[in-house]
Amino acid sequence: FGFDYKSPYFYMVTLKALKGVEAFSQIGPPGLIENEITKAFNTVIRNFHLKWRCLDEISPFVVMPDHIHLLIKIKDVEKRKSLPVLVWQLCRALSAEYSRIAGGRSHLSQNPAAPGRVLRLPAVSGSLPAPAGNPLSPYLHDWIVKKRGQLAAFRRYIKENPQRAYLRQENKRFFSRVTTVQFCGREWFAYGNTALLNLPVITPFKCSRKLNPDSHEWRAFTTAAERIGPGGAGIGTFMSPCEKECGNAIAKAGGSLIILSPEGFGERWHPPRIKERFCAAGRMLFLSLYPADTRKCDNATLYKRCHEMGDIVVSR
């Protein structure tokens, strides 16, 4: 909030397709299978910087079936355009190409020339000023690349996105096996998509049960959760009221959840039904330092374990 989006930074941007449009690409061996829309989008994105003096060439990027990941660099020159303006213009160009290729066979062809009828800007990153006449929602999901090592992580995440999608598609049960993983210098029992531990952004959430919904701390935690979208995950026990609110916000924003379980889980353990679809989609991972208990722990033990695991991930 309050950030100057004309600043010369790298920005990791995610654009999502509107519901009902044709797939921008397909997932198959070994990863991405291009179609006519993919090739047209690739051309638009590769040449987009030629129209804007304040932009470097967009690289890397990937056109997935229902979303697009891009690494955008605003150059340090005078008269720079802001990120929302640039993304809006890119969406217009992509929408025009989609209408040219698929407009006649899409239900969206009733208004094929309207920009923003193919791509939407997810409302998960906070209000940003929209350019005059912008038909898109004045929101986009972005990560500002500020930390050491983050740029390389985002580049790797974008390039590996098709292979990860294919792995999830072809091996759904693979993401539901109990295994062990190394994380924060410790060995953990794991259930779900262990690839989440390699995401560029993993944000810890450890909130006191005494937090009031009207407090500044509560709003700070939930605001941070709302900013976690594709390419990021929140990690914590998600047991206190504030943590549950944060977990719901992360899920709604398209992010992933790494849940610390104080009770552990065995080979036949399954997540609650409400969380099964997130596991199947590869958006959830359960971690525990403890094997499954043969008998239920007392509350004091569970409370101690929650604090221990929470402290480990907060200090990572």
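The values are calculated or read from the model by the stated rules, or taken from the named source; none is laboratory data. Predicted model, so just to flag it, every value in this text is computed and none were measured. Every residue, glycine among them, receives a Cβ derived from its backbone with ideal geometry; neighbour counts consider all protein chains shown. Accessible surface is based on the protein model in full, side chains and every heavy atom, while ligands, DNA and RNA are left aside. Shrake-Rupley method; radii C 1.70, N 1.55, O 1.52, S 1.80 Å.
Data for the structure
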quantity: Surface accessible to a 1.4 Å probe, Tyr166 within the full protein complex, Å²; calculated: 60
quantity: Shape of region 198-240, Cα gyration tensor, a/c cut at 1.5; calculated: oblate
quantity: Rounded, prolate or oblate (a/c below 1.5 giving rounded, otherwise prolate when a/b exceeds b/c) for region 223-316 by Cα gyration tensor; calculated: oblate
quantity: For region 1-41, size of Cβ-based charge dipole, Lys and Arg +1, Asp and Glu -1, in debye; calculated: 120
quantity: Anisotropy class of region 7-109 from Cα gyration tensor, a/c 1.5 cut; calculated: prolate
quantity: Aspartates and glutamates whose Cα lies under 16 Å from that of Lys39, excluding same-chain neighbours fewer than 8 positions away; calculated: Glu22, Asp66, Glu97
quantity: Debye, to nearest 20: dipole size of region 167-281, +1 on Lys, Arg Cβ, -1 on Asp, Glu Cβ; calculated: 220
quantity: Thr203 - accessible surface, heavy atoms, 1.4 Å probe, Å² rounded to 10; calculated: 40
quantity: Accessible-area composition of region 187-316, carbon plus sulfur, in percent [1.4 Å probe]; calculated: 52
quantity: Estimated vicinal HN-Hα couplings, Hz - region 219-236 in sequence order (Karplus 6.51, -1.76, 1.60; Gly, Pro = x); calculated: 5, 5, 5, 5, 5, 4, 5, 5, 8, 8, x, x, x, x, 8, x, 10, x
quantity: Per residue, the convex hull volume that the Cα atoms of region 1-57 enclose (Å³); calculated: 143
quantity: Residues with amide H under 5 Å from that of Leu55, placed H, sequence gap 5 or more; calculated: Lys75
quantity: Whole-number Å³ per residue for the convex hull built on Cα positions in region 220-271; calculated: 80
quantity: Probe 1.4 Å - accessible area at Ile312, Å² to nearest ten; calculated: 30
quantity: Relative contact order %, region 164-316, counting alpha carbon pairs below 8 Å whose residues are six or more apart; calculated: 26
